[in-house]
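See below for the structure under consideration.
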Ligand SMILES: Cc1cc2nc3c(=O)[nH]c(=O)nc-3n(C[C@H](O)[C@H](O)[C@H](O)COP(=O)(O)OP(=O)(O)OC[C@H]3O[C@@H](n4cnc5c(N)ncnc54)[C@H](O)[C@@H]3O)c2cc1C
């Protein structure tokens, strides 16, 4: 049994967010972190590793500096890391990203007892589309918004968090789960873990490695193969301060009705 965890390196938006004049994020001036939901997914994988002794592989698609994040994940406890990186993959939208990640997961091999874990959502792109798309491309059953995982034999029982309650789902492995922060509290790095991380294997999958997979079609990957294109991004203008009306007397109510009528709300 192995667990493959898809992890994205994202800019840290908890502090000051630097924005370029054209409205795009100034990533170079911001620190990069492990996407929070993906850290949760890694912790879930490591808990299963603690229980079963399975192998845990962290996979990321990104530019070469994303390798540092893979070392951090190995320091947490992942057994190895895969950096999916190539000029041909740059500028991919969620559809193309999922194609490439699915090809990388296939290259690692998905067997009967295996689980693919993703975060629910990345804090920069924020679409929550990549996990479900990877599952579709790999033809795997998927469970999203997972807040509890119990593995037994060839099934996984998951608790899904919904807006108005929970849903319990049992799914056959191999499967893909997308994890939410309620699932666990990710562990801290230990000095020993950091030391051991530098002895663990890291592979780089580039275009050459994956090009024989039918998913790696130049017309469906990278900027040119992406069906969605960001043609403009901007910061919305600040809202002007609201009008405060005090009192609940007739005069105030007439004033409120006058304002609403002047704006055609009533
Ligand atoms: C140079 C550049 C150009 C871009 N151009 C476009 C564009 O033209 N159109 C467009 O729509 N988008 C574009 N993007 C954004 C890109 O599509 C998204 O970053 C990517 O598809 C992931 O989508 P998301 O952030 O919404 O992830 P989500 O779907 O929110 O992520 C869900 C989960 O999927 C996994 N995951 C997501 N991304 C990765 C990854 N890279 N590696 C490993 N796991 C991952 C993680 O487990 C994550 O928690 C561009 C990005 C860059 C850097």
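The values are calculated or read from the model by the stated rules, or taken from the named source; none is laboratory data. From a predicted model like this one, the values you see are computed outputs, not experimental measurements. All Cβ positions, glycine included, derive from the backbone under ideal geometry; neighbour counts span all protein chains shown.
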Looking only at the stretch 188-206, which residues are surrounded by 13 or more Cβ atoms within 10 Å (Cβ to Cβ) and under 18 Å from residue 84 (Cα atoms)? 200, 202, 203, 204, 205, 206
Does residue 11 meet the test of being away from the ligand (no atom under 15 Å from the Cβ) and at pLDDT below 95? no
Which residue out of 228, 220, 209, 178 is part of a loop (DSSP other than H, G, I, E, B), surrounded by 13 or more Cβ atoms within 10 Å (Cβ to Cβ) and either within 15 Å of the ligand (Cβ to nearest atom) or modelled with pLDDT of 90 or more (or both)? 220
Give the residue that is nearest to the ligand (Cβ to nearest atom), with candidates limited to residues of the stretch 97-118 that are surrounded by fewer than 23 Cβ atoms within 10 Å (Cβ to Cβ) and over 13 Å from residue 207 (Cα atoms). 108
Filtering the stretch 126-146 down to residues that are touching a residue at least 60 places away in the same chain (Cβ under 8 Å) and near the ligand (Cβ under 8 Å from one of its atoms), which residue is surrounded by the fewest Cβ atoms within 10 Å (Cβ to Cβ)? 130
Index of the failed condition, residue 215 passing every other in (1) farther than 20 Å from residue 82 by Cβ; (2) within 16 Å of the ligand (Cβ to nearest atom); (3) in contact (Cβ under 8 Å) with a residue 12 or more places away in the chain: (1)
Can you tell me which residue is nearest to residue 134 (Cα to Cα) among those in the stretch 44-72 that are out of contact with any helix residue (DSSP H, G or I) (no Cβ under 6 Å at 6 or more places or on another chain), within 13 Å of the ligand (Cβ to nearest atom) and in contact (Cβ under 8 Å) with a residue 60 or more places away in the chain? 45
Hey, could you check the stretch 78-91 for residues that are within 22 Å of residue 174 (Cα to Cα) and away from the ligand (no atom under 12 Å from the Cβ) and say which is surrounded by the fewest Cβ atoms within 10 Å (Cβ to Cβ)? 79
All conditions in (1) crowded, with 24+ Cβ neighbours inside 10 Å; (2) within 10 Å of the ligand (Cβ to nearest atom); (3) closer than 19 Å to residue 176 by Cβ are true of residue 94 except (1)
Please indicate, with yes or no, whether at least one residue in the stretch 154-170 is within 14 Å of the ligand (Cβ to nearest atom), under 20 Å from the mean Cα position of the chain (by Cα) and surrounded by 11 or more Cβ atoms within 10 Å (Cβ to Cβ). no
